[in-house]
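What follows is a single structure, written as structure tokens, with notes after it.
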Amino acid sequence: MKTETWKYTNIKKWLERDYQTIDSYAPIIDYNELPEGVIICPLADASKQADIPSPYPLPQALEGKLKEQGFFIYIPKNVVLKNPIYITDIAAQLDDPTVLPARFQILLEENSVATIVHKFEANDANHYWRRQVTEINLAPNAQLNYYQDQNEAPTSLHTHYIAVQQGRDSQFNSFTLDNGGGIVRTDLHTKLHDVNATCHLNGLYLVKNKQHVDNHTIIEHLAPHTQSSEHYKGIVADQARAVFNGRIYVAPHAQKVVSEQHNENLLLSKQAEIDTKPELEIYADDVQCAHGATVGQLDRDAIFYMTTRGIDEELAKQLLTYGFAHEMLNSISHDEIRALFNTQLLTWFSNNQELEDLLP
Amino acid sequence: MTRNASIKKVLAQDYQHGFVTDIESDTFAPGLNEDVIRRLSAIKNEPEFMLEWRLKAYRHWLLLEEPHHWANIKYPNIDYQALAYYSAPKIKKDGPKSLDEVDPELLRTYEKLGIPLYERERLAGVAVDAVFDSVSVATTFKDKLAEKGVIFCPFSEAVHKHPDLIKQYLGSVVPTGDNFFAALNSAVFSDGSFVYIPPGVRCPMELSTYFRINAANTGQFERTLIIADRDSYVSYLEGCTAPMRDENQLHAAVVELIALDNAQIKYSTVQNWYPGDAEGKGGIYNFVTKRGACRGVNSKISWTQVETGSAITWKYPSVILQGDNSIGEFYSVALTNHYQQADTGTKMIHIGKNTSSTIIAKGISAGYGQNTYRGLVKVMAGADNARNYTQCDSLLMSDHCGAHTFPYIEVKNNTAQIEHEATTSRISEDQLFFCLQRGLSMEDAVSMIVNGFCKEVMKELPMEFAVEAQKLLGVSLEGSVG
Amino acid sequence: MIGEKMLTIKNLAATVGDKIILHDLNLTVKAGEVHAIMGPNGSGKSTLGNVLAGREGYTATAGTVEFLDHNLFALSTEERARKGLFLSFQYPIEIPGVTNIYFLRAAVNAVRKSRGDEPYDAMDFIKLIKEKAKFLHMDEGFLYRDVNKGFSGGEKKRNEILQLLLLEPKLAILDEIDSGLDIDALKIISDGINQLRRSDRAIILVTHYQRLLDHVIPDYVHVLSKGKIVKSGGPELAKELEQTGYAGL
């Protein structure tokens, strides 16, 4: 565990626990007007078997006992889904330490387009470890918009490994909203295998109390003329800690790659901590890559300006904080999903009524 | 000439300092154990406290692992028992009293390197300590400096003449057990430079140390300690060269800087150890720990480095910003050509209040070179109002090279303002075409663009070094106009 | 002198990547003349300048071009520049870290050296450049800024004309030198170009708009369409195009 990738996140306590496992796995999968040929079925019924193992360490107590369950989503060639598929995973009525291992396999065939929203929630559940794996394969010219709304219980451990394989001209757009969880670790790993594959990874982490949220992303440019952009923003309050590690890798001969990465952080309290590490690892010469990271606070002048106009200081701070975060939501093109994420964002503010009244 | 041929021509200057000095040396047989350290300490007639210090470091070193796992460098395992840990040119018993007693062959060596040791031939503004393999062979302008109370002498002399300063400060910035190479250095370092600037003194000239590795199969382990007392200022330069040999050679130095209240230290390096040949054979393994402590309020430490040599460079000149309002700076140009590898950068540790740091790092990768920037900006909980600005740019000049940027930013204080920016790009076709269209040759165009790329760092170098550094980069001197 | 052959293009075809942009293009320019090449977007106007200047990726696949007494295509990009061919850039390139004055002196001296002239020393050069800068209403401060970095569109264009005045080429190809300029800047730049009109020099203005030609009156106007000159005439042709547009061609 004492490796570079776990430098800032410690799950030792979770590896020493004893766990119970549950037999049934039944996320709510919601959609309408599915065109013909689209398949959504339990993994056990699908012919394709899991091929990417979970990269997270396994508690000793669970060795040999872990049974992954999950679903298979298949979008056939030339099919364009009009409406998003909503997956809601609720950890409900769990007392003792429980492990919830689950896997989604998502396959988009040529020229298909889909939008998937994966929501993680908790209801009367405490010490559970959600071990999620999502495998995504995009055939040439396929496009997937993948949204995660992570709202786990504050005493839980959430680990999610997302592995994306992208073919020629394919596009992967993701947005990760971290609003809940005790310890959260997401590894989003995209591989751009063929020319003109593009990914846009965006995220917003809202971290408070004693939460620990760690976003690790890797974008591998394995072919020439591939593009990527990445933008994560974070707000860290109270005694919370956030970690961002974004790695851009450009393989030898992957020429004409364009890649840009930004990570911006707002620290709201004395005890809050942010550890950010944007990385560029480049083995080709004809590339344009840039990254930037900032850590800062709310603009004092802006707060002062607002208070001189009679706005209460606390509200002024909240408005500025909201503005900082809300900017990220503009990258979500789907209105309904943007509204959903905005609602989540508002829940993060304690007296959101006053704030909400002010917002359009 | 084509673009690639021009780039090669600009970069592929022959190594100018690859000759070997034929001189009789006292060299230890290869191998390292406590007896070797005792012998080394005995030869230097060191007081007991130094021997104890060395042995403690050695015992700790045995427990440490080489930092293979995180640095972005590849090299075969070093057999530490196959190296000799001491080599000194044979001299009369008590060492030379004046330059007239120094072996003429040595003087010629330094002349060939462009560092004449006779004061009358030196640039008036620079005092030099010349370190040859394991020992200091000459220090110039000592008397003139002594008038101001400035101490500038070989480390081995300081151990005898200024034991209190050594006891107080040695290892206070880089502890013996800090890392694998620092521990090794602490155990076996043979010489180096010692500088003390007394309170209120602005050092009247640039101080410099010129390091030369000559002997084969010998490691060079030097130690530099610079103390700038209250309200003082010093600018220190360091230069390095070595002969061309087919075997890799180890250089593991430690540099410690201490700046007390209102003191400023400016430390500049032009590192031109033998980089190995075009096929990657030979060259120096340069594993160096450099760290400064801004202990006093309003103190400032500034590192500037131009790294063009060595087969492998592993160094992170750092600043611990303890004093309130202290300032740390790091300016770096690292060039890797052929099969050179560099993993270099800095650490800025903000501890005091209102501290600020600036990092400007420029990496140029050519041939099969791999160039990594690795930096840490750490803001501790009590470091209110810390500021950091970091800019890292990489220029790629061939399709086999690599440029990597690994910045670590750790912030535990919500009044910090941290900004990091990095870019990686190729030398641009448009820029080259534009220059050619205005009549410049491809070579001049490449030189000009590379020079422009490094300018922010080059302007931080003292004049005496800027010229040498420009030459090293194969770049004509810009700014000669106007 | 007047009437001497400067540039002779015969049956030129050129490609960019695998696209054919120019074909069967003929043009003769003599010393002392000003030619305007007009045409809609995508007609190949900029390509012509880039092919003549020798930009990588712009390949002549057929035809010949004679520049003074030389086979143009036998010369490298910098040799063409040193023999007096100047191309202004539609989007002048930024060179970070390299000050304008240093760049200009390096270029001027490279060209002078190739002609066998003494290079300028720093003092003489500063005198010369200040005089030219003043003529173009350029603030001296901008000589010490990095080449084109942070320059406004108008400043970049003025910087191109400054280089033109300093390099004193035989043949100046000015590619959209008027685009993005307000009327005051356009006048300043036109004055600069008019100052360059000489019996032993030729100028080719490449432009989309007629308005530049009100200030710099050309001797000949050519219309380029789909990679080929489809019509030639006197300055009145430009006025005609202003009325009818390119659509009728």
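How many partner chain Cβ atoms sit within 10 Å of a residue's Cβ in peptide B:452-459, on average, as a whole number?
Mean partner-chain Cβ count within 10 Å for B:452-459: 3.
Enter the mean number of other protein chain beta carbons within 10 Å of the beta carbon of each residue in C:76-84, as an integer.
Whole-number average of other-chain Cβ neighbours for C:76-84 is 5.
At a 10 Å Cβ-Cβ cut-off, how would you order A:Trp348, A:Trp6, fewest neighbours first?
A:Trp6, A:Trp348
Testing the spin-label approximation: label points 7 Å from Cα along Cα→Cβ at A:Gln60 and B:Ala381. State their distance in nm.
Calculated label separation equals 3.2 nm.
Suppose only helical runs count, i.e. DSSP H with n ≥ 4. What mean residue ellipticity at 222 nm does that imply for the protein assembly as shown under -39500 (n - 2.57) per run, divided by all residues and rounded to the nearest 500 deg cm²/dmol?
-6500 deg cm²/dmol
Taking neighbour Cβ counts within 10 Å as the exposure measure, how do A:Trp14, B:Trp314 sort from fewest upward?
Fewest to most other Cβ atoms nearby, the residues stand as A:Trp14, B:Trp314.
Can you give the net charge of the other residues whose Cβ lies under 10 Å from the Cβ of B:Ser302, counting K and R as +1 and D and E as -1?
Charge balance near B:Ser302 sits at 0.
Please identify which residues in the range A:65-87 have an amide N closer than 18 Å to a label point set 7 Å out from the Cα of A:Ile29, following the Cα→Cβ vector.
A:68-77, A:79-87
Could you work out how far the C-alpha centroid of the range B:284-363 sits from that of the range C:156-228, in angstrom?
Rounded to whole Å, the Cα centres lie 51 Å apart.
Rounded to the nearest Å, what's the spacing between the alpha carbon centres of the range A:333-351 and the range C:73-135? Just the number, please.
Value for the Cα centre distance between the two parts: 58 Å.
Among A:109-117, C:115-123, C:223-231, B:341-349, what's the highest-first ranking by average C-beta atoms within 10 angstrom per residue?
Averaged packing, sorted descending, gives the order B:341-349, A:109-117, C:223-231, C:115-123.
Restricting the count to DSSP beta bridges whose residues both fall in the range C:5-244, what percent are antiparallel, rounded to a multiple of 5?
60 percent
Give me a single rounded figure for B:426-433: the average over its residues of other chain Cβ atoms within 10 Å of their Cβ.
6
Quote to one decimal, in nm, the extra length available between B:Leu63 and B:Phe19 on full extension: 0.36 nm per residue of separation minus the C-alpha distance between them.
Here the segment from B:Leu63 to B:Phe19 would lengthen by 12.1 nm.
How much of the DSSP beta bridge set in the protein assembly as shown is antiparallel, as a percent to the nearest 5?
15 percent
Choose one of B:Gly292, C:Ala36, B:His251: the residue whose Cα lies farthest towards the positive end of the charge dipole of the protein assembly as shown (beta-carbon charges +1 Lys, Arg; -1 Asp, Glu; about the Cα centre).
Going by the charge dipole, the pick is C:Ala36.
When only alpha-carbon atoms count, how far does the range A:2-297 stretch along each of its three principal axes, as whole angstroms with the largest first?
Answer, in whole Å and largest first: 51, 49, 34 Å.
Using a simple spin-label model with points 7 Å from Cα along the Cα→Cβ vector, what separation in nm is obtained for A:Asn10 and C:Glu56?
Simple spin-label model gives 5.2 nm for this pair.
Once you treat every alpha carbon in the range B:355-464 as an equal point and sum by Debye, what is log10 I(q)/I(0) at q = 0.11, 0.13, 0.23, 0.24 Å⁻¹?
One equal scatterer on each Cα of the range B:355-464 leads to -0.48, -0.62, -1.20, -1.25.
Enumerate the helices in chain C for which the Kyte-Doolittle hydropathy averages -1.0 or more and the C-alpha atoms extend at least 18 Å along the helix's axis, using complete DSSP H runs.
C:100-115, C:122-135, C:153-167, C:183-196
Once fully extended, how much extra length lies between B:Lys56 and B:Lys167, figured as 0.36 nm per residue of separation less the alpha-carbon to alpha-carbon distance?
This chain segment gains 38.5 nm when fully extended.
Using label points projected 7 Å from each Cα along Cα→Cβ, tell me how many nm separate A:His200 and A:Glu354, to one decimal.
The answer from the label model is 3.6 nm.
Using the structure shown, select from A:Lys256/B:Lys362; A:Lys317/C:Lys149; B:Lys315/C:Lys156; A:Lys12/B:Lys412; B:Lys266/C:Lys113; A:Lys12/B:Lys378 the pairs with a Cα to Cα distance greater than 32 angstrom.
A:Lys317/C:Lys149; B:Lys315/C:Lys156; B:Lys266/C:Lys113
What lysines sit close enough to C:Lys228 to cross-link, taking a C-alpha to C-alpha distance under 23 Å and skipping anything fewer than 8 places away on the same chain?
C:Lys5, C:Lys10, C:Lys19, C:Lys30, C:Lys45, C:Lys239
Using a cut-off of 15 Å between beta-carbons, work out the net charge of the residues near B:Pro76 (Lys and Arg +1, Asp and Glu -1, B:Pro76 not included).
Around B:Pro76, the charge tally is -2.
Per residue and in Å³, how big is the convex hull formed by the alpha-carbon atoms of the protein assembly as shown?
Hull volume normalised by residue count: 215 Å³.
Please report, in whole Å³, the volume per residue of the convex hull around the C-alpha atoms of the range A:299-360.
84 Å³
In vacuum, with every alpha carbon of the range A:223-338 counted as one equal point scatterer, what does the Debye formula give for log10 I(q)/I(0) at q = 0.15, 0.16, 0.18 Å⁻¹? Two decimals, please.
For the range A:223-338 at q = 0.15, 0.16, 0.18 Å⁻¹, log10 I(q)/I(0) is -0.81, -0.87, -0.98.
For the range C:5-244, report the convex hull volume of the alpha-carbon atoms normalised per residue, in Å³, without decimals.
122 Å³
State whether chain B is rounded, prolate or oblate according to the following rule on the C-alpha gyration tensor (a ≥ b ≥ c being the square roots of its eigenvalues): a/c under 1.5 gives rounded; otherwise a/b larger than b/c gives prolate, and the remaining case gives oblate.
rounded
Order these by the 10 Å Cβ neighbour count, fewest first: A:Thr308, C:Thr15.
Lowest to highest Cβ neighbour count: A:Thr308, C:Thr15.
By DSSP, what percent of the beta bridges with both residues in the range A:2-297 are antiparallel, rounded to the nearest 5?
Within the range A:2-297, antiparallel bridges account for around 5 percent of the total.
No value in this document is a laboratory result; all are computed from the given coordinates. Computed from a predicted model, the values in this text were never measured in an experiment. All Cβ positions, glycine included, derive from the backbone under ideal geometry; neighbour counts span all protein chains shown.
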